[in-house]
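See structure below.
What follows draws every value from the coordinates through simple rules; no lab data is involved. Treat the numbers as computed from the prediction; the structure is a model and nothing was measured. Positions of Cβ are backbone-derived with ideal geometry, glycine not excepted, and every protein chain shown enters the neighbour counts.
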Amino acid sequence: MLSPTLPSVDDTVTRLAVPAQPGAPETGQETTAQTDDDHGWSLSPSRAADFLTCPLLFRFRVIDRLPEAPSPAMARGTLVHAVLERLFDEPAASRSPQAAAGLIEPEWDRLVAAEPELAGLFGDEAERETWLEQARGMIDRYFTLEDPTRLEPAHRELRVQAVLGSGLRLRGYIDRLDVAAGGEVRIVDYKTGTAPRADFEARAMFQMRFYALVLWRTQGTIPRLLQLIYLGNGEIMRYAPDEADLMATERKIEALWRAIERAVRTGDWRPRPSKLCDWCAHQALCPAFGGTPPPLPSTGQFAGPTGPHTSAAAGSALTVSALERDRDHEI
């Protein structure tokens, strides 16, 4: 049985975090070990998951900034997220499966206009239509899991950030934040993959605990519910965190950051081979597959998580966004 929806909007939720400004990157576009003009280095849940998965993958994405071309699966994840975000622009009574289906083609056209390389993902029109049909299936499946006519999200694609006592800044983007009339908060994240096996559930929920920690540290309120919606197979994973959970999450993140700093100092970015290597775009450069990583940037280019980083960002906004959104096998 689905848990009760949280249909009301509490305007005070805007105090939880600073919403994304016009022109800000889409969900998941933030990178770990990235500077900004005001706040220095930061850690996102996606980059944290990268280091936990494989330190060398973290290095390739954060330090070397190696580009990763979008794949059909990545682009589909971005499209599905965009459609679900735009769906809530409609009046509640108009949020029907038909309305959502009508958003798919326009949203895809918008994405292709922003990233023309996406047009080359498919060999022919039949392949493109098959791909779109898979996206339609995920959107249809969403309506079997939630009734959007009963929901009024407080925020969508919400940028959140918090500074821990150590000075480490946490940041990320929440797909949807629901706030009930009584102030109870629910964090919702859409996944276009399938729900993990029971022994991987804690790993999947790490991202949500990360967001809950950010909200707790900025607002002093522990979210009532963390909810992962898996559109690949129509399952919902829910968890009600408590203070002990979030304190443990904070300790884990602090320990992880110390490990990242140690890797920066020593240059030890060893690979961690696993089944997840099947989805890695950098096997040709990985020693575990007979490859050789590129030379590390000089200290003048990358001074580590406590210093400046001047290398150019690689990859498009869509590419990074899709990687973050559709990396269900890792988180």
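Structure notes:
- Gyration tensor verdict on segment 105-192 (Cα atoms; rounded if a/c is under 1.5, prolate if a/b is larger than b/c, oblate otherwise): oblate
- In sequence order, segment 145-159 has phi-based couplings of 9, 9, 10, x, 6, 9, 10, 10, x, 6, 8, 10, 6, 8, 7 Hz under the Karplus curve 6.51 cos²θ - 1.76 cosθ + 1.60, θ = phi - 60°, and Gly or Pro positions carry x.
- Projected label distance in nm at Q134 and R265, using a 7 Å step from Cα toward the beta-carbon: 4.5
- Convex hull (Cα only) mean projected area of segment 142-225, reported in nm² to one decimal: 6.7
- Based on C-alpha pairs under 8 angstrom that are at least 6 apart in sequence, segment 142-257 has a relative contact order of 24 percent.
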